[in-house]
Amino acid sequence: MGPQDTLTIDPIAMNVVSRIASGCRVDGHNVFEGGLLVQGELGGSSEIRGRLIVWKDAVVTGRIRVLGDLYLFGQLGQSDAAAGETVLHCHGTAWVASTGVSTGTLHAQRLQLYEGADLQGPFHTLPRSMALPVLDDRPADTRSVASTTPTAHPRSRTNAPTS
């Protein structure tokens, strides 16, 4: 087995301030200020004003607008639904990990697929004219890439000197 790529998810550096926990479902019209981590299910019409992280075993359906990057470790769209039933517009890079499955329609400025990623639905590149300016935001470390098992950093990291 060759070297494995990894992606570091740091919720504080990525401004991920909202979470849908495993076993929970949020449906309807939603607006999230800052990034969102989905470990359960998100449906309906949503705007995420930051990064969207869809964890392994999580499902996102409906109409979604992401004003940042998408990290797909789980499922975009229902496996038995038509591609047009779930449409996601990502105004950044869509990172699809080896465990990520997209059966919906995915629009993004850039797409990064990793070995094992399953892109079943259509993908469309957003025109540069739809690019959003980045204001007061720190970009994610793009030198790393997605692995089969996503890992998250603890909520705080310090490098305190030891005496």
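Return the residues of segment 49-101 that are touching a helix residue (DSSP H, G or I) at 6+ places or on another chain (Cβ under 9 Å) and either closer than 20 Å to Gly34 by Cα or open to solvent by less than 20 Å² (accessible area, probe 1.4 Å) (or both); say none if nothing qualifies.
The answer is Thr61, Gly62, Gly77, His89, His91.
Suppose we keep only residues that are closer than 16 Å to Thr61 by Cβ and touching a helix residue (DSSP H, G or I) at 6+ places or on another chain (Cβ under 8 Å) within segment 102-117. Which one would you say is surrounded by the most Cβ atoms within 10 Å (Cβ to Cβ)?
The residue in question is Gly104.
Which of the strands (runs of 3 or more DSSP E) found entirely inside segment 1-101 contain at least 3 residues meeting this: within 26 Å of Pro127 (Cα to Cα) and modelled with pLDDT of 95 or more?
Per the criteria, 29-33, 45-49, 52-54, 63-66, 70-72, 87-96.
Taking segment 15-48 as the search range and keeping residues that are on the phi > 0 side of the Ramachandran plot and open to solvent by less than 50 Å² (accessible area, probe 1.4 Å), which one is nearest to the chain's Cα centre (by Cα)?
Ranking the candidates gives Gly34 first.
The values are calculated or read from the model by the stated rules, or taken from the named source; none is laboratory data. As the structure is a computational prediction, the values presented were derived from the model and not from experiment. Every residue, glycine as well, gets a Cβ built from its backbone with ideal geometry; the counts of neighbours run over all protein chains shown. What goes into the accessible areas is simple: the full protein's heavy atoms, side chains included, and nothing from ligands, DNA or RNA. Shrake-Rupley method; radii C 1.70, N 1.55, O 1.52, S 1.80 Å.
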